[in-house]
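Read the structure below first, then the notes.
The values are calculated or read from the model by the stated rules, or taken from the named source; none is laboratory data. A quick note: this is a predicted structure, and the numbers were derived from the prediction, not measured. Please note: Cβ atoms are built from the backbone with ideal geometry, for glycine as well, and neighbour counts cover all protein chains shown.
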Amino acid sequence: MSSTKPTEINFHKVSQVLELAFNDDTRFNLPAEYLRVYSPSAEVQGHGPGQEVLQIGKEDVKITHLEPVGHYAVNIIFDDNHDSGIYSWEYLYQLGAHFDKKWQTYLDRLNESGYTRKTNKLNINNQI
């Protein structure tokens, strides 16, 4: 997996979807909310297993810009001032490959917390 690199990166501002094509011919469309709630930052992931922090109220979060990090990652800046997640190509690949399961896990965690999403506008079908 460490040799997996994007061959194409497109950010669709209106739909707030990051579209990635990889060198193994896979293509993923990752919505801003999904990327924000699964940020690899310590603020979201914690400092070890079981320390993840559930992100609530991110339905309308927007990506303001992307910053390359060397040849291995991208920093995604969100309009809620979250800017500390370094998304490696491998991590983005894993987010795409496991989108359905991870998104359902997030929805289940929200439900367990008693939070109801304000909207169902996230494109669950992983399309632009």
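The figures follow:
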| item | result |
| --- | --- |
| Complete set of residues in the stretch 43-94 that are surrounded by 14 or more Cβ atoms within 10 Å (Cβ to Cβ) and among the hydrophobic types (A, V, I, L, M, F, W, C) | Val44, Val61, Ile63, Leu66, Ala73, Val74, Ile76, Ile77, Phe78, Ile86, Trp89, Leu92 |
| Phe11 outside any helix (DSSP H, G or I) and buried (at least 18 other Cβ atoms within 10 Å of the Cβ) | no |
| Of all residues making up the stretch 14-30, the number that are within 15 Å of the chain's Cα centre (by Cα), outside any strand (DSSP E or B) and closer than 13 Å to Ala97 by Cβ | 0 |
| Inter-residue pairs, beta-carbon under 6 Å, first closer than 10 Å to Arg27 by Cα and in the stretch 4-15, second modelled with pLDDT under 95 and assigned to a loop (DSSP other than H, G, I, E, B), 6+ apart | Thr7/Asn23 |
| Checking Thr64 against (1) in a loop (DSSP other than H, G, I, E, B); (2) more than 12 Å from Leu35 (Cβ to Cβ); (3) in contact with a strand residue (DSSP E or B) (Cβ under 8 Å, 6 or more places away or on another chain), the condition it does not meet | (1) |
| Any chance Asn29 is over 20 Å from Asp83 (Cα atoms), in contact (Cβ under 8 Å) with a residue 60 or more places away in the chain and either touching a Gly at 6+ places or on another chain (Cβ under 7 Å) or not charged (D, E, K, R) (or both) | yes |
| Single unsatisfied condition, Gly85 versus (1) over 20 Å from Thr119 (Cβ atoms); (2) at pLDDT 95 or above | (2) |
